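Only one structure is covered here, and it is reproduced in the block below.
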Amino acid sequence: MSDDTKPSDDGKRLGLPQATALIMGGIIGTGIFGLPAAVAQFGMLSVVALIVVTIGAIALALMFGSLVKRIPASGGPYAYSRFYFGDFAGFTSAWPYWITAWAGNAGIVVVWVFYVQAFLEGIFGPTLFGFDIENKVFAVIIAMIGLWIPALINLAGVKNMGAFQLITTIIKFIPIVFIATVGLVFAFIRGNFPEFNPSGESLFSALSTAGALVLFSYLGVELASVAAGKIKNPKKNVPIATVFGTLACAVVYILSLVAVFGIVGGEALSSEAGKASFSLALTDIFGADWAGTLMAGFVVVSGIGALNAWTMICAEMPQAAAQEGLFPAYFNKLNRRDVPYWGIILSTILASVFTIVSYVGNTGVEVLNTLLLLTGVTAAVPYFMSALAQLYYLFTAGKIVEPKSFAKDMIVGIVALVFSFWFVFGSGEQATFWAYLLILVGYIVLLGLYVKRKRHGHAMEGDDSPPLSALEPAEE
């Protein structure tokens, strides 16, 4: 094996605390902090949507926990789809998931910018170095900083990434737990809860769109399974980290959304000023601007942690596919710190371009909603393929599964399958069109790789890793 594609040492792998931090850091990024503004138009129905999506997220967590026991390989949804259904299905999971990762980073950084602006305004006032802090050009500059700092951290190696992820996860829980507990009390005292469904849409339509927006806040339930090759004892640690991390996030998500709604109110959240909603909530609780600035500082740290986790996934997923010849071989090249640097650099460039283009002619909340709905569609594809893999395994190898486990896994797989369809429906025509257009570009790339492979009569150059077909599903 060449020096630039050798595997990492076991000593550099992530333990259970770091794996759990990876899950929670990826899920609790900036999604929840931007969620109240994003779903304010749907009122308290958004809380119902959050509860419904939480059920789906827990089903996904249980499903990925089961799948990784059978196929403890890096790549997550890609690995499962390819193992059971072949190369084309594997690529059909890998490419949309890669889009989800880098486009999701664009969505994360937009919310991150909201809170950086709130933090800077709290310290320096409305201008900084002669720039209007709310200016779009200044916002884009901040966004570029937010995208490229995690890229540099990841390029420095997994050990540094794991320590950074654990620290940022601990820090980010302080404000969100405060809002979910103390803030909840103030919410019922203030009683500023919005109407149930002020959107004017039908109940099912509003619930579906709100659900698609909420999904972004749960992207990350599969992070540990995607990075299984970087985690110690993945058969044991990945399921524990995935389920525990998701449940912990679910509790604080539901309570904190109710709290922010009750404190800030629907009218304020629907305005551009409401984009940093958690800062507004804390300012109201303490009756002082410094509280909102402090909250913004916590969210800034939280956002960097999420960007850090997702930037790693931007490299891990295409690397796993490149090792099988389904992504260009350069995605499998490692730097001297054993990091697949091409995936990090290219994904960050794409996220940067996407962020800049999204800001043209749009307000911050409009930019956010566009990105959230797009990633909802692209994430639904690998989730759907993973659910099919789960069900296929149960139907073909169910005899070796204990009846209790069989029933649980079957229910979980069906729920995950239904939710995948629902997410696409709720994302709307425009987001679905652009998502599928990006996916179509992927098939053009796959066709080029197929032609090149046929021409050379073998797998892509640099594809010297053992195939997933060498693995056998573990008995239950």
For I231, distant residues with modelled amide H under 5 Å away:
L14
Going by C-beta contacts inside 10 Å, put I285, I345 in order with the fewest on the left.
I345, I285
So if I place +1 on the C-beta of Lys and Arg and -1 on the C-beta of Asp and Glu, and nothing else carries charge, what would the dipole magnitude of the chain be about its Cα centre? I want it in debye, nearest 20.
1060
The farthest towards the positive end of the charge dipole of the chain, of the residues L372, P234, F138, given +1 on Cβ of Lys and Arg and -1 on Cβ of Asp and Glu, is P234
Which value, to two decimals, describes the C-alpha radius of gyration of region 335-453 once divided by 2.2 N^0.38 Å?
1.40
The chain, relative contact order [Cα under 8 Å, separation at least 6], %:
32
Checking a compactness column here: for the chain, what do you get for Rg(Cα) / (2.2 N^0.38 Å), N being the number of residues?
0.94
Kindly write out, for region 339-353 in residue order, the coupling ³J(HN,Hα) from the Karplus curve 6.51 cos²θ - 1.76 cosθ + 1.60 (θ = phi - 60°), rounded to whole Hz, with x marking Gly and Pro.
10, x, 5, 4, x, 5, 5, 5, 5, 5, 4, 5, 4, 5, 4
For a quick size check, give me the Cα extents of region 66-203 along its three principal axes, largest first, whole Å.
55, 44, 32
Each residue of region 204-220 in turn: what ³J(HN,Hα) in whole Hz from Karplus with 6.51, -1.76, 1.60 and θ = phi - 60°, glycine and Pro shown as x?
5, 5, 5, 4, 5, 5, 4, x, 5, 5, 5, 3, 4, 5, 9, 4, x
If you plug each phi of region 291-303 into the Karplus form 6.51 cos²θ - 1.76 cosθ + 1.60 with θ = phi - 60°, what whole-Hz ³J(HN,Hα) values come out, in order, with x for Gly and Pro?
5, x, 5, 4, 4, 4, x, 4, 5, 4, 5, 4, x
Charge dipole (region 13-470, unit charges on Cβ, about Cα centre) - positive-most of N197, M312, S420:
M312
Ordered by packing density, taken as the mean number of other Cβ atoms within 10 Å over each peptide's residues, highest first, how do 57-68, 130-141 rank?
57-68, 130-141
Sequence-distant residues sharing a close amide H with L128 (under 5 Å, placed H):
I133
With the dipole of the chain defined by +1 on each Lys or Arg Cβ and -1 on each Asp or Glu Cβ, the option from P77, A206, M295 whose Cα lies farthest towards the positive pole is P77
Rounded to the nearest 0.05, what FRET efficiency do K236 and I145 give with R0 = 35 Å and r taken as the Cβ-Cβ distance? Could you check?
0.40
For a protection proxy built on the mean count of beta-carbon atoms within 10 angstrom, sort 436-448, 88-100, 374-386 highest first, please.
374-386, 88-100, 436-448
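Just so you know, all these numbers are worked out from the coordinates, no wet-lab data involved. Note that this is a predicted model, so its numbers are computed, not measured. FYI the Cβ positions are ideal-geometry reconstructions off the backbone, even for glycines, and counts take in every protein chain you see.
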